[in-house]
Amino acid sequence: MRFLRRRARVVGRLAAWSVLETGQTFVMGFALARALDEGFLAGRSGAGLGWLGLAAVAVAVGAYGTRRVYGAVAALVEPLRDALVRRVVTRALDDADSAAVSRLTHQVEIARDTFAGLVMVARSFVFTAAGALVGLFSLAPVLLLVVVPPLVLGLALFAATLRPMARR
């Protein structure tokens, strides 16, 4: 957490690009619902096609956001790798352990890849779930009573088991 707090600007940039990337979740659902309700089912195919056009634009904007997300993740992950390399090399030189230096590249890359994977999965879940919930709220708020309690319960169970899983 300390590492992330020191890089608040990069985390903020990652969050902004993630909103753009996953905003398509909301826009796609909303546009498709409107294309059906206000367009095709209402006998107004022009309106339906317009909403579908908006959905297509949302996909393009989301793809641009995805491209930018990877740059932001790299800006977050590479300093972690650099810090790990410095720490391992310093310790290896202090302890005169040449074997530690040879293991350095492999172990640091594993840690870097793992951290990047965790960032990508967590980011994807948080922003996609938020987009889906905002979309559900705008289309059928009463369904939030069915969707939110199991989601919150699942997140609470995950949070409760996270520390024991990490220890193992």
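A few points about this structure:
- Rolling a 1.4 Å probe across all protein chains gives Met28 an accessible area of roughly 60 Å².
- Estimated D of region 11-79 in µm² per second, where Rh is the Kirkwood radius over Cα pairs and Stokes-Einstein applies at 20 °C, 1.002 mPa s: 165
- Dipole size of the chain about its Cα centre, with +1 on Lys/Arg Cβ and -1 on Asp/Glu Cβ: approximately 540 debye, rounded to the nearest 20.
- Residue-normalised accessible area of region 82-168, given per residue in Å² at a 1.4 Å probe: 74
- Dividing the summed -39500 (n - 2.57) terms of all DSSP H runs of n ≥ 4 by the residue count of the chain sets its mean residue ellipticity at 222 nm at -32000 deg cm²/dmol.
- Against the main long axis of the alpha-carbon atoms of the chain, helix 8-34 sits at an angle near 30°.
- Protein accessible area in the chain, 1.4 Å probe - carbon and sulfur %: 68
- Residue among Arg103, Arg81, Arg13 with the largest mean-square fluctuation in a Gaussian network model of the chain, springs linking Cα atoms under 10 Å: Arg103
- Contact order relative to length of region 36-168, as percent, for alpha carbon pairs under 8 angstrom and 6 or more apart: 14
- Springs join every pair of Cα atoms under 10 Å in this Gaussian network model of the chain, and among Val11, Val152, Val19 the largest mean-square fluctuation is at Val152.
- With Cα atoms, 0 to 90° folded angle of helix 45-95 axis to the chain main axis: 10
- Overall Cα dimensions of the chain - principal axes, largest extent first, Å: 78, 34, 24
The values are calculated or read from the model by the stated rules, or taken from the named source; none is laboratory data. Quantities reported herein were computed from a predicted structural model and do not represent experimental measurements. Cβ coordinates were reconstructed from backbone atoms using ideal geometry, including for glycine residues, and neighbour counts include every protein chain displayed. The area values use the complete protein model at the heavy-atom level, side chains included, leaving out ligands, DNA and RNA. Shrake-Rupley method; radii C 1.70, N 1.55, O 1.52, S 1.80 Å.
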